[in-house]
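S.K.: Dumping the structure here so I can ask a few things about it.
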Amino acid sequence: MLVALVDTLKQLRYQIAHLEDDTLQSEYPELATFIQQVGLTVAESKQELVFLYQFLYVYGRKSEATFNRFRNELERFYLWSWLIAQKSVFELKREDIEAYVDFMVEPDKQWTMTSVQWRYKDEQGIRRLNENWRPFMLKESIASQQTLAAMFTALNVFYKFAILEEKTFANFVPVVKKNSPYLVVQSQIKIPDTLSDIQWEYVFGVTRDKCEHQPDLERNLFTLACLKGLYLRISELSERPQWSPVMSHFWQDNDGFWFLRIMGKGNKLRDVTLSDDFVTYLKRYRLYRGLPALPRVDEAEPLVHKIRGQGGMTVRQIRRLVQQSFDLAKQSLLDDGFKDDAEQLEAATAHWLRHTGATHDAQTRPLKHLSEDLGHAKIATTDQIYIQTNIKERAKSGLKRKI
(Lines give C-alpha, C1' and ligand atoms only; values in the text may rest on other atoms or scores of the structure.)
Protein backbone atom coordinates (compact mmCIF):
# COMPACT_ATOMS: atom_id res chain seq x y z
CA MET A 1 0.00 0.00 0.00
CA LEU A 2 1.21 3.51 -0.85
CA VAL A 3 1.65 5.69 2.21
CA ALA A 4 1.99 9.47 2.37
CA LEU A 5 5.41 10.19 3.88
CA VAL A 6 4.79 13.80 4.86
CA ASP A 7 1.83 15.35 6.66
CA THR A 8 1.09 19.10 6.69
CA LEU A 9 3.60 21.86 7.43
CA LYS A 10 1.98 22.31 10.84
CA GLN A 11 2.58 18.63 11.69
CA LEU A 12 6.14 18.49 10.34
CA ARG A 13 7.86 19.28 13.64
CA TYR A 14 5.92 16.50 15.35
CA GLN A 15 6.88 14.02 12.65
CA ILE A 16 10.54 14.94 13.05
CA ALA A 17 10.32 14.47 16.83
CA HIS A 18 8.49 11.14 16.53
CA LEU A 19 11.11 9.76 14.15
CA GLU A 20 13.99 10.90 16.33
CA ASP A 21 12.34 9.59 19.52
CA ASP A 22 11.13 6.30 17.99
CA THR A 23 7.51 7.17 18.86
CA LEU A 24 6.17 7.23 15.29
CA GLN A 25 4.14 4.04 15.86
CA SER A 26 1.95 5.70 18.48
CA GLU A 27 1.07 8.73 16.32
CA TYR A 28 1.43 7.54 12.72
CA PRO A 29 0.93 3.75 12.87
CA GLU A 30 0.52 3.21 9.11
CA LEU A 31 3.60 5.29 8.31
CA ALA A 32 5.66 3.53 10.99
CA THR A 33 4.72 0.10 9.60
CA PHE A 34 5.50 1.24 6.07
CA ILE A 35 8.98 2.48 7.04
CA GLN A 36 9.70 -0.82 8.77
CA GLN A 37 8.73 -2.75 5.64
CA VAL A 38 10.78 -0.49 3.34
CA GLY A 39 13.72 -0.92 5.70
CA LEU A 40 13.93 -4.57 4.70
CA THR A 41 15.16 -3.56 1.23
CA VAL A 42 16.42 -0.01 1.86
CA ALA A 43 18.23 -0.07 5.18
CA GLU A 44 18.70 3.70 5.32
CA SER A 45 15.00 4.51 4.79
CA LYS A 46 14.40 5.91 8.29
CA GLN A 47 17.48 8.18 8.16
CA GLU A 48 16.52 9.31 4.67
CA LEU A 49 13.02 10.23 5.86
CA VAL A 50 14.51 12.28 8.69
CA PHE A 51 16.66 14.09 6.12
CA LEU A 52 13.61 14.76 3.92
CA TYR A 53 11.79 16.26 6.91
CA GLN A 54 14.78 18.45 7.74
CA PHE A 55 15.00 19.66 4.13
CA LEU A 56 11.27 20.47 4.04
CA TYR A 57 11.51 22.25 7.39
CA VAL A 58 14.30 24.52 6.09
CA TYR A 59 12.50 25.36 2.84
CA GLY A 60 9.02 25.32 4.35
CA ARG A 61 9.94 28.25 6.56
CA LYS A 62 9.82 30.49 3.47
CA SER A 63 6.15 29.79 2.81
CA GLU A 64 3.57 27.03 3.02
CA ALA A 65 3.26 27.08 -0.77
CA THR A 66 6.99 26.32 -1.10
CA PHE A 67 6.63 23.51 1.44
CA ASN A 68 3.70 21.96 -0.44
CA ARG A 69 5.45 22.19 -3.80
CA PHE A 70 8.65 20.48 -2.57
CA ARG A 71 6.72 17.98 -0.45
CA ASN A 72 4.65 16.72 -3.37
CA GLU A 73 7.62 16.38 -5.72
CA LEU A 74 10.04 14.76 -3.27
CA GLU A 75 7.52 12.48 -1.62
CA ARG A 76 6.73 10.64 -4.84
CA PHE A 77 10.42 10.61 -5.77
CA TYR A 78 11.22 8.92 -2.44
CA LEU A 79 8.41 6.40 -2.91
CA TRP A 80 9.59 5.56 -6.42
CA SER A 81 13.19 5.18 -5.25
CA TRP A 82 12.24 2.88 -2.38
CA LEU A 83 9.44 0.83 -3.93
CA ILE A 84 10.34 0.60 -7.63
CA ALA A 85 14.10 1.20 -7.87
CA GLN A 86 14.48 -0.33 -4.38
CA LYS A 87 17.45 1.91 -3.68
CA SER A 88 18.41 4.70 -1.35
CA VAL A 89 17.76 8.12 -2.90
CA PHE A 90 21.49 8.76 -2.43
CA GLU A 91 22.45 5.64 -4.39
CA LEU A 92 20.55 6.61 -7.54
CA LYS A 93 22.66 7.15 -10.66
CA ARG A 94 21.98 9.10 -13.84
CA GLU A 95 20.11 6.22 -15.48
CA ASP A 96 17.91 5.88 -12.38
CA ILE A 97 16.91 9.56 -12.52
CA GLU A 98 16.12 9.10 -16.22
CA ALA A 99 13.93 6.12 -15.35
CA TYR A 100 12.09 8.22 -12.77
CA VAL A 101 11.42 10.91 -15.36
CA ASP A 102 9.92 8.22 -17.62
CA PHE A 103 7.73 7.17 -14.68
CA MET A 104 6.68 10.79 -14.08
CA VAL A 105 5.53 11.07 -17.69
CA GLU A 106 3.53 7.87 -17.47
CA PRO A 107 3.00 6.76 -13.85
CA ASP A 108 1.52 3.42 -12.86
CA LYS A 109 -2.27 3.73 -12.60
CA GLN A 110 -2.12 2.36 -9.06
CA TRP A 111 -0.15 5.49 -8.16
CA THR A 112 -2.82 7.89 -9.47
CA MET A 113 -6.04 9.40 -8.15
CA THR A 114 -8.86 11.29 -9.85
CA SER A 115 -9.38 13.93 -7.15
CA VAL A 116 -7.36 15.77 -4.50
CA GLN A 117 -7.31 13.72 -1.30
CA TRP A 118 -6.31 14.55 2.26
CA ARG A 119 -3.36 12.62 3.67
CA TYR A 120 -3.88 12.22 7.40
CA LYS A 121 -6.72 12.99 9.76
CA ASP A 122 -6.93 13.01 13.56
CA GLU A 123 -8.78 10.05 14.99
CA GLN A 124 -8.77 9.86 18.79
CA GLY A 125 -5.33 11.47 18.98
CA ILE A 126 -3.84 9.34 16.20
CA ARG A 127 -3.03 10.56 12.69
CA ARG A 128 -4.80 8.09 10.43
CA LEU A 129 -3.85 7.62 6.78
CA ASN A 130 -6.38 8.18 4.01
CA GLU A 131 -6.15 4.97 1.98
CA ASN A 132 -7.49 6.78 -1.10
CA TRP A 133 -4.47 9.09 -1.25
CA ARG A 134 -2.07 8.61 -4.17
CA PRO A 135 1.10 10.48 -5.27
CA PHE A 136 -0.16 11.49 -8.73
CA MET A 137 -3.29 13.03 -10.21
CA LEU A 138 -4.72 11.04 -13.13
CA LYS A 139 -4.38 13.01 -16.38
CA GLU A 140 -5.29 12.19 -19.95
CA SER A 141 -2.03 13.55 -21.38
CA ILE A 142 1.62 13.23 -20.36
CA ALA A 143 3.10 15.56 -17.77
CA SER A 144 3.08 19.20 -18.86
CA GLN A 145 6.24 21.25 -19.36
CA GLN A 146 5.41 23.11 -16.15
CA THR A 147 5.06 19.85 -14.21
CA LEU A 148 8.37 18.52 -15.49
CA ALA A 149 10.14 21.81 -14.79
CA ALA A 150 8.82 21.80 -11.21
CA MET A 151 10.03 18.23 -10.74
CA PHE A 152 13.54 18.99 -12.02
CA THR A 153 13.75 22.12 -9.85
CA ALA A 154 12.74 20.24 -6.70
CA LEU A 155 15.20 17.38 -7.30
CA ASN A 156 18.03 19.77 -8.17
CA VAL A 157 17.52 21.87 -5.03
CA PHE A 158 17.24 18.71 -2.93
CA TYR A 159 20.49 17.19 -4.16
CA LYS A 160 22.36 20.51 -3.86
CA PHE A 161 21.18 20.67 -0.24
CA ALA A 162 22.24 17.04 0.29
CA ILE A 163 25.74 17.78 -1.05
CA LEU A 164 26.10 20.72 1.35
CA GLU A 165 25.00 18.46 4.21
CA GLU A 166 27.49 15.79 3.02
CA LYS A 167 24.77 13.20 2.47
CA THR A 168 25.93 12.65 -1.11
CA PHE A 169 28.62 13.89 -3.46
CA ALA A 170 26.82 13.73 -6.79
CA ASN A 171 23.89 15.51 -8.45
CA PHE A 172 22.85 13.95 -11.74
CA VAL A 173 19.72 16.08 -12.15
CA PRO A 174 21.20 18.88 -14.34
CA VAL A 175 22.60 16.46 -16.93
CA VAL A 176 19.35 14.46 -17.01
CA LYS A 177 17.34 17.67 -17.47
CA LYS A 178 19.65 18.92 -20.23
CA ASN A 179 19.23 15.72 -22.23
CA SER A 180 15.58 14.98 -21.39
CA PRO A 181 13.52 14.15 -24.51
CA TYR A 182 10.39 15.43 -22.79
CA LEU A 183 11.45 19.03 -22.22
CA VAL A 184 10.79 21.53 -24.98
CA VAL A 185 13.19 24.48 -25.24
CA GLN A 186 11.03 27.59 -24.95
CA SER A 187 11.71 30.18 -27.64
CA GLN A 188 8.20 31.15 -28.71
CA ILE A 189 6.48 34.40 -27.86
CA LYS A 190 4.71 34.07 -24.51
CA ILE A 191 1.77 36.32 -23.74
CA PRO A 192 0.45 36.39 -20.16
CA ASP A 193 -3.02 35.02 -19.52
CA THR A 194 -5.41 37.94 -19.10
CA LEU A 195 -9.12 38.68 -19.10
CA SER A 196 -10.48 40.52 -22.12
CA ASP A 197 -12.01 43.96 -21.57
CA ILE A 198 -15.52 42.57 -21.73
CA GLN A 199 -14.70 39.67 -19.38
CA TRP A 200 -13.27 42.07 -16.78
CA GLU A 201 -16.24 44.40 -17.15
CA TYR A 202 -18.59 41.50 -16.39
CA VAL A 203 -16.48 39.99 -13.58
CA PHE A 204 -16.22 43.30 -11.73
CA GLY A 205 -19.50 44.87 -12.87
CA VAL A 206 -21.77 41.92 -12.11
CA THR A 207 -20.23 41.49 -8.64
CA ARG A 208 -20.68 45.22 -7.95
CA ASP A 209 -24.28 45.22 -9.17
CA LYS A 210 -25.23 42.22 -7.02
CA CYS A 211 -23.81 43.83 -3.87
CA GLU A 212 -27.06 45.78 -3.51
CA HIS A 213 -29.03 42.59 -2.78
CA GLN A 214 -26.10 40.46 -1.52
CA PRO A 215 -24.00 42.76 0.71
CA ASP A 216 -21.48 40.01 1.49
CA LEU A 217 -20.29 40.27 -2.13
CA GLU A 218 -18.60 43.53 -1.10
CA ARG A 219 -15.80 41.26 0.10
CA ASN A 220 -15.54 39.73 -3.38
CA LEU A 221 -15.52 43.19 -4.95
CA PHE A 222 -12.67 44.38 -2.73
CA THR A 223 -10.68 41.20 -3.42
CA LEU A 224 -11.04 41.72 -7.18
CA ALA A 225 -9.93 45.34 -6.81
CA CYS A 226 -6.81 44.25 -4.88
CA LEU A 227 -5.78 41.50 -7.29
CA LYS A 228 -6.33 43.50 -10.47
CA GLY A 229 -5.83 47.09 -9.30
CA LEU A 230 -2.76 46.45 -7.12
CA TYR A 231 -1.32 43.52 -9.16
CA LEU A 232 -1.29 41.30 -6.08
CA ARG A 233 -0.61 37.60 -6.06
CA ILE A 234 -3.35 35.74 -4.22
CA SER A 235 -0.81 34.60 -1.59
CA GLU A 236 0.04 38.23 -0.85
CA LEU A 237 -3.55 38.90 0.15
CA SER A 238 -3.89 35.81 2.35
CA GLU A 239 -3.10 34.83 5.91
CA ARG A 240 0.28 33.11 6.20
CA PRO A 241 2.33 31.75 9.13
CA GLN A 242 4.81 34.66 8.98
CA TRP A 243 2.52 37.41 7.71
CA SER A 244 -1.03 38.54 8.41
CA PRO A 245 -2.29 41.30 6.08
CA VAL A 246 -4.15 43.87 8.17
CA MET A 247 -5.69 47.28 7.56
CA SER A 248 -2.79 49.15 9.19
CA HIS A 249 -0.62 47.99 6.28
CA PHE A 250 -2.33 50.76 4.31
CA TRP A 251 -0.41 53.97 4.96
CA GLN A 252 -0.31 57.54 3.71
CA ASP A 253 2.81 59.67 3.21
CA ASN A 254 3.20 63.38 3.95
CA ASP A 255 2.12 64.31 0.42
CA GLY A 256 -1.18 62.44 0.75
CA PHE A 257 -0.26 59.43 -1.41
CA TRP A 258 -1.57 56.06 -0.25
CA PHE A 259 0.38 52.77 -0.26
CA LEU A 260 -0.16 49.16 0.80
CA ARG A 261 2.74 47.33 2.42
CA ILE A 262 2.77 43.64 1.57
CA MET A 263 5.11 40.67 1.86
CA GLY A 264 5.83 39.15 -1.53
CA LYS A 265 7.88 36.26 -2.86
CA GLY A 266 11.02 35.44 -0.92
CA ASN A 267 9.61 37.25 2.14
CA LYS A 268 10.40 40.62 0.51
CA LEU A 269 8.42 43.64 1.68
CA ARG A 270 7.28 46.19 -0.87
CA ASP A 271 4.94 49.17 -0.90
CA VAL A 272 2.36 49.18 -3.69
CA THR A 273 0.90 52.51 -4.80
CA LEU A 274 -2.87 53.04 -4.59
CA SER A 275 -4.86 54.76 -7.31
CA ASP A 276 -7.69 57.18 -6.55
CA ASP A 277 -10.10 54.62 -8.00
CA PHE A 278 -8.82 51.92 -5.65
CA VAL A 279 -9.13 54.20 -2.61
CA THR A 280 -12.81 54.65 -3.55
CA TYR A 281 -13.37 50.89 -3.34
CA LEU A 282 -11.28 50.66 -0.16
CA LYS A 283 -13.59 53.20 1.50
CA ARG A 284 -16.64 51.35 0.22
CA TYR A 285 -15.42 48.04 1.62
CA ARG A 286 -14.51 49.52 5.00
CA LEU A 287 -17.88 51.22 5.38
CA TYR A 288 -19.57 47.89 4.61
CA ARG A 289 -17.55 46.38 7.46
CA GLY A 290 -18.59 49.18 9.84
CA LEU A 291 -15.13 50.74 9.90
CA PRO A 292 -14.13 54.39 9.35
CA ALA A 293 -13.68 55.25 5.67
CA LEU A 294 -9.85 55.28 5.82
CA PRO A 295 -7.47 53.02 7.75
CA ARG A 296 -5.59 54.05 10.88
CA VAL A 297 -1.97 53.20 11.69
CA ASP A 298 -2.97 51.02 14.66
CA GLU A 299 -5.73 48.99 12.99
CA ALA A 300 -5.38 45.24 13.37
CA GLU A 301 -8.48 44.32 11.34
CA PRO A 302 -7.69 41.66 8.67
CA LEU A 303 -7.46 42.95 5.12
CA VAL A 304 -9.98 40.40 3.81
CA HIS A 305 -12.20 39.27 6.67
CA LYS A 306 -13.95 36.00 7.37
CA ILE A 307 -17.73 36.23 7.74
CA ARG A 308 -17.52 33.41 10.27
CA GLY A 309 -14.49 33.08 12.52
CA GLN A 310 -11.53 35.24 13.35
CA GLY A 311 -8.51 36.38 11.37
CA GLY A 312 -7.81 36.71 7.68
CA MET A 313 -8.56 34.32 4.86
CA THR A 314 -6.39 31.56 3.43
CA VAL A 315 -5.35 31.23 -0.21
CA ARG A 316 -8.01 28.60 -0.80
CA GLN A 317 -10.77 30.76 0.71
CA ILE A 318 -9.80 33.81 -1.34
CA ARG A 319 -9.63 31.69 -4.46
CA ARG A 320 -13.24 30.64 -3.80
CA LEU A 321 -14.33 34.28 -3.66
CA VAL A 322 -12.72 34.98 -7.03
CA GLN A 323 -14.24 31.85 -8.55
CA GLN A 324 -17.67 32.90 -7.29
CA SER A 325 -17.34 36.20 -9.16
CA PHE A 326 -16.06 34.38 -12.26
CA ASP A 327 -19.10 32.08 -12.17
CA LEU A 328 -21.52 35.00 -11.82
CA ALA A 329 -19.87 36.77 -14.77
CA LYS A 330 -19.90 33.62 -16.88
CA GLN A 331 -23.65 33.19 -16.43
CA SER A 332 -24.30 36.85 -17.27
CA LEU A 333 -22.13 36.60 -20.38
CA LEU A 334 -24.12 33.58 -21.52
CA ASP A 335 -27.41 35.33 -20.81
CA ASP A 336 -26.28 38.32 -22.89
CA GLY A 337 -25.14 36.17 -25.82
CA PHE A 338 -21.37 36.32 -25.29
CA LYS A 339 -20.88 32.54 -25.46
CA ASP A 340 -17.20 32.57 -26.51
CA ASP A 341 -16.20 34.97 -23.74
CA ALA A 342 -18.11 32.88 -21.21
CA GLU A 343 -16.40 29.66 -22.31
CA GLN A 344 -12.94 31.26 -22.24
CA LEU A 345 -13.61 32.54 -18.73
CA GLU A 346 -13.84 28.93 -17.53
CA ALA A 347 -10.05 28.64 -17.85
CA ALA A 348 -9.34 31.82 -15.88
CA THR A 349 -7.64 31.76 -12.47
CA ALA A 350 -7.17 34.41 -9.80
CA HIS A 351 -3.62 35.03 -11.06
CA TRP A 352 -5.04 36.24 -14.38
CA LEU A 353 -6.23 39.36 -12.55
CA ARG A 354 -2.65 40.38 -11.71
CA HIS A 355 -1.68 39.89 -15.37
CA THR A 356 -4.79 41.77 -16.54
CA GLY A 357 -4.05 44.81 -14.38
CA ALA A 358 -0.35 44.92 -15.28
CA THR A 359 -0.95 44.41 -19.01
CA HIS A 360 -3.53 47.19 -19.08
CA ASP A 361 -1.41 49.66 -17.10
CA ALA A 362 1.77 48.85 -19.07
CA GLN A 363 0.35 51.03 -21.84
CA THR A 364 0.38 54.19 -19.68
CA ARG A 365 2.72 53.76 -16.70
CA PRO A 366 6.53 54.09 -16.68
CA LEU A 367 8.15 50.66 -16.79
CA LYS A 368 10.16 51.23 -13.59
CA HIS A 369 7.06 52.22 -11.61
CA LEU A 370 5.09 49.21 -12.87
CA SER A 371 8.00 46.87 -12.11
CA GLU A 372 8.31 48.09 -8.51
CA ASP A 373 4.57 47.77 -7.84
CA LEU A 374 4.64 44.23 -9.29
CA GLY A 375 7.57 43.30 -7.05
CA HIS A 376 9.87 42.24 -9.88
CA ALA A 377 13.56 42.17 -8.96
CA LYS A 378 14.52 43.25 -12.50
CA ILE A 379 12.84 45.69 -14.88
CA ALA A 380 13.73 43.28 -17.69
CA THR A 381 11.26 40.78 -16.21
CA THR A 382 8.42 43.30 -16.44
CA ASP A 383 9.42 44.24 -19.98
CA GLN A 384 9.63 40.61 -21.06
CA ILE A 385 6.21 39.70 -19.67
CA TYR A 386 4.10 42.80 -20.21
CA ILE A 387 5.86 45.18 -22.62
CA GLN A 388 7.78 42.80 -24.90
CA THR A 389 9.75 45.68 -26.47
CA ASN A 390 12.13 43.50 -28.48
CA ILE A 391 9.30 41.39 -29.87
CA LYS A 392 7.34 44.44 -31.01
CA GLU A 393 10.42 46.00 -32.61
CA ARG A 394 11.20 42.70 -34.34
CA ALA A 395 7.64 42.53 -35.66
CA LYS A 396 7.81 46.12 -36.96
CA SER A 397 11.15 45.56 -38.69
CA GLY A 398 9.77 42.49 -40.43
CA LEU A 399 6.66 44.16 -41.87
CA LYS A 400 8.26 45.34 -45.12
CA ARG A 401 10.06 42.14 -46.05
CA LYS A 402 9.59 41.09 -49.66
CA ILE A 403 8.77 37.61 -50.85
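The values are calculated or read from the model by the stated rules, or taken from the named source; none is laboratory data. Predicted model only: the values in this text are computed from it and were never measured. Every residue, glycine among them, receives a Cβ derived from its backbone with ideal geometry; neighbour counts consider all protein chains shown. Only protein heavy atoms, including side chains, enter the accessible area calculation; ligands, DNA and RNA are left aside. Shrake-Rupley method; radii C 1.70, N 1.55, O 1.52, S 1.80 Å.
S.K.: Hey, what's the per residue convex hull volume over the C-alpha atoms of segment 97-151, in cubic angstrom?
M.R.: Numbers: hull volume 5.8 nm³, N = 55.
Per-residue hull volume (Cα only) is 106 Å³.
S.K.: Can I ask one more? Percent of alpha carbon pairs in segment 65-220 separated by more than 28 Å? Provide the component values of the computation, followed by the final result.
M.R.: On the way: 5223 of 12090 pairs.
When every Cα pair of segment 65-220 is considered, 43 percent fall beyond 28 Å.
S.K.: Give me the one-decimal nm value for the distance between modelled label points at S244 and E91, 7 Å along each residue's Cα-to-Cβ direction.
M.R.: Spacing of the two 7 Å Cα→Cβ label points: 4.9 nm.
S.K.: Would you list which aspartates and glutamates come within 17 Å of K139, measuring only between C-alpha atoms, while excluding same-chain residues fewer than 8 positions from it?
M.R.: E73, D102, E106, D108
S.K.: Could you give the length gained by full extension between E166 and I198, i.e. 0.36 nm per residue of separation minus their alpha carbon distance, to one decimal place?
M.R.: Values: separation 32, 0.36 × 32 = 11.52 nm, distance 5.64 nm.
Between E166 and I198, full extension yields 5.9 nm more.
S.K.: Given 0.36 nm per residue, what is the gain on full extension from R316 to L367 after removing their alpha carbon distance, in nm?
M.R.: So the chain would gain 15.2 nm between R316 and L367.
S.K.: Between T349 and S180, with labels modelled 7 Å along Cα→Cβ, what's the label distance in nm to one decimal, could you check?
M.R.: 1.8
S.K.: Excluding residues on the same chain fewer than 8 positions from K378, give the aspartates and glutamates whose Cα lies under 17 Å from its Cα.
M.R.: D271
S.K.: Still on this structure, please answer the following. What distance in nm separates the simple spin-label points at I403 and I307, each placed 7 Å from Cα in the Cβ direction?
M.R.: Label at I403, label at I307, 5.9 nm between them.
S.K.: Can you give the % of DSSP beta bridges in the chain that are antiparallel, to the nearest 5?
M.R.: 90
S.K.: If you don't mind, there's one more thing I want to ask. Contour minus end-to-end for K339 and E299, with contour as 0.36 nm per residue of separation and end-to-end as the Cα-Cα distance?
M.R.: Working: separation 40, 0.36 × 40 = 14.40 nm, distance 4.45 nm.
Using 0.36 nm per residue and subtracting the Cα-Cα distance, I get 10.0 nm.
S.K.: When you have a sec, figure out the Kirkwood radius of segment 252-298 from all distinct Cα pair distances and drop it here in Å to one decimal? Don't skip to the answer; put the middle values down first.
M.R.: Values: mean 1/r = 0.0835 Å⁻¹.
Result for segment 252-298 stands at 12.0 Å.
S.K.: Share of Cα-Cα pairs in segment 37-157 beyond 22 Å, in percent?
M.R.: Values: 2872 of 7260 pairs.
When all Cα pairs of segment 37-157 are counted, 40 percent exceed 22 Å.
S.K.: What number results when the radius of gyration of segment 318-397, computed over Cα atoms, is divided by 2.2 N^0.38 Å?
M.R.: Taking N as the residue count of segment 318-397, the ratio is 1.39.
S.K.: Let's test the formula: R0 of 45 Å, r as the Cβ-Cβ distance of K265 and E212. What FRET efficiency results, to the nearest 0.05? If you can, show how the numbers build up before the last one.
M.R.: Details: r = 37 Å, r/R0 = 0.83.
That gives a FRET efficiency of 0.75.
S.K.: Return the subset of K46/K268; K93/K268; K160/K268; K265/K330; K177/K228 for which the Cα-Cα distance in this structure is over 26 Å, preserving the input order. Kindly include the intermediate steps, with their values, before the conclusion.
M.R.: On the way: K46/K268 36 Å; K93/K268 37 Å; K160/K268 24 Å; K265/K330 31 Å; K177/K228 36 Å.
Correct reply: K46/K268; K93/K268; K265/K330; K177/K228.
S.K.: Take every Cα pair under 8 Å in segment 172-324 that's 6+ residues apart, average their separations, divide by the length, and report that relative contact order as a whole percent. Present the calculation step by step, with values, prior to reporting the outcome.
M.R.: Working: 157 pairs, mean separation 35.6, N = 153.
In percent, rounded to a whole number, it is 23.
S.K.: If N is the number of residues in segment 263-356, what value comes out of its Cα radius of gyration divided by 2.2 N^0.38 Å?
M.R.: Numbers: Rg = 16.5 Å, N = 94, 2.2 N^0.38 = 12.4 Å.
Against the compact-globule rule of thumb, the ratio is 1.33.
S.K.: Could you tell me how far the Cα centroid of segment 232-269 sits from the Cα centroid of segment 209-226, in Å?
M.R.: 21
S.K.: I've got another one for you. Which whole-number percent gives the relative contact order of the chain, counting Cα pairs below 8 Å spaced six or more residues apart? Intermediate values should be presented prior to the final figure.
M.R.: On the way: 475 pairs, mean separation 56.7, N = 403.
Relative contact order of the chain: 14 percent.
S.K.: Can you list the lysines whose alpha carbon is less than 30 Å from that of K400, not counting same-chain residues fewer than 8 positions off?
M.R.: Qualifying lysines at Cα under 30 Å: K190, K392.
S.K.: Over segment 112-151, give the accessible area per residue in Å² for a 1.4 Å probe, as an integer. Intermediate values should be presented prior to the final figure.
M.R.: Values: 2640 Å² over 40 residues.
I get 66 Å² per residue for segment 112-151.
S.K.: A further question follows. Okay, helix-only estimate at 222 nm for the chain: each DSSP H run of n ≥ 4 adds -39500 (n - 2.57), divide by all residues, round to 500 deg cm²/dmol; what do you get?
M.R.: -15500 deg cm²/dmol
S.K.: So how many Å³ per residue does the convex hull of the Cα atoms of segment 183-333 work out to?
M.R.: Working: hull volume 25.6 nm³, N = 151.
In segment 183-333, the Cα convex hull volume per residue is 170 Å³.
S.K.: Per 20 Å bin from zero, what fraction in whole % of the C-alpha pairs of the chain is there, up to the bin with the longest pair?
M.R.: Final binned percentages: 22, 49, 28, 1.
S.K.: Counting heavy atoms of the protein chains only and a 1.4 Å probe, report the per residue accessible area for segment 303-378 as a whole number of Å².
M.R.: Working: 4310 Å² over 76 residues.
With the other protein chains kept in place, segment 303-378 gives 57 Å² per residue.
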